[in-house]
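The values are calculated or read from the model by the stated rules, or taken from the named source; none is laboratory data. None of these values were measured; they are calculated from a predicted model. Cβ sites come from the backbone with ideal geometry, for glycine too, and all protein chains shown count toward neighbours. We work out accessible area using only protein heavy atoms, side chains counted, and drop any ligands, DNA or RNA first. Shrake-Rupley method; radii C 1.70, N 1.55, O 1.52, S 1.80 Å.
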Amino acid sequence: ADSPDAKMLKEMFGNPTDMARQIVQWIPRMTFLLVVLGFWMSFFVVLRNAFIWRPKVEYPFVLEDLLKFKAPEYLVYAVIVGMALLLGDAYFGTRAVVWGETLVYSLGAIYFFQGFGVFLAFLTWMGIWGIFRTVILALALLLAWRVMPIVGLFDMWVNFRKLFERKKEKDNDSDSDKGDWL
């Protein structure tokens, strides 16, 4: 009469070779993810506290530039290669799947921040501010962290931020037209 927790632990530690193999496969992915996250967080903290160093150092970038981050277009080809390797294990072998996963996860970190910027632009367009915005951002990071890179990837072809601006301009134009008629 093993409990479900005991069964899970038995499965997890029953084959240490597979466990070690999975850990070794995840090391390059996690290293790249942590480096990208570390750089982004460092830039965010530095740009967020610009009032401290701005009088002493001339720097042309602000926090909005970090949030409007857009990945280079040629990285899409690497995502395509990664997806082909990931899906083509019958043709390329299981080692290619590991390379494909590493490429997709690593580039997903870059596209995550692009998708995060699009999501922030969407919240701004919706007029969501304050604690409600913070709660939505926290929930999105916890629940939609896999959707953010997809949005960032599709932002290469569909400029979502521009769509938000156009809709805002159309709304403003229609509001001013209403005022003229009254």
For segment 78-162, with all protein chains present and a 1.4 Å probe, just round the carbon and sulfur fraction of the accessible area to a whole percent. 76
Determine the shape class of segment 13-80: with a ≥ b ≥ c the square roots of the Cα gyration tensor eigenvalues, call it rounded for a/c under 1.5, and otherwise prolate if a/b is greater than b/c, oblate otherwise. oblate
Let me spell out the model: positive unit charges on the Cβ of Lys and Arg, negative unit charges on the Cβ of Asp and Glu, origin at the Cα centre of segment 1-78. What dipole size does that give, in debye rounded to 20? 240
I'd like to know how segment 83-130 sits against the 2.2 N^0.38 Å rule of thumb: what's its Cα Rg over that expected value? 1.75
Largest first, how would Leu123, Leu137, Leu87, Leu37 line up by accessible area (1.4 Å probe)? Leu87, Leu37, Leu137, Leu123
Checked against the positive end of the charge dipole of segment 1-146 (+1 on Cβ of Lys and Arg, -1 on Cβ of Asp and Glu, about the Cα centre), the farthest of Met19, Gln114, Phe32 is Gln114
Magnitude of the charge dipole, segment 1-40, Cβ model with Lys/Arg +1 and Asp/Glu -1, debye to 20: 160
From phi via Karplus (6.51, -1.76, 1.60), per-residue ³J(HN,Hα) for segment 151-164 in Hz, x at Gly/Pro: 5, x, 5, 5, 5, 5, 9, 10, 7, 5, 4, 5, 4, 5
Which whole-number value in Å² is the accessible area per residue of the chain, probe 1.4 Å? 74
Per principal axis, largest first, the Cα atoms of the chain extend in Å by 75, 44, 44
Ranked by GNM mean-square fluctuation in the chain (Cα springs under 10 Å), the top entry among Val36, Val79, Val24 is Val24
Divide by every residue of the chain the summed helix terms, -39500 (n - 2.57) for each DSSP H run of at least 4, and state the resulting mean residue ellipticity at 222 nm, rounded to the nearest 500 deg cm²/dmol. -26500 deg cm²/dmol
Dipole magnitude of the chain about its Cα centre, charges +1 at Lys/Arg Cβ and -1 at Asp/Glu Cβ only, in debye to the nearest 20? 320
Would you tell me the accessible area of Thr31, worked out with a 1.4 angstrom probe on the heavy atoms of the protein chains, in Å² to the nearest 10? 80
Taking the Cβ-Cβ separation of Ser3 and Arg133 as r and a Förster radius of 25 Å, what is the calculated FRET efficiency to the nearest 0.05? 0.05
Using mean Cβ contacts within 10 Å as the protection proxy, how do 64-72, 124-132 order, highest first? 64-72, 124-132
With the dipole of segment 53-96 defined by +1 on each Lys or Arg Cβ and -1 on each Asp or Glu Cβ, the option from Leu87, Pro55, Ala71 whose Cα lies farthest towards the positive pole is Pro55
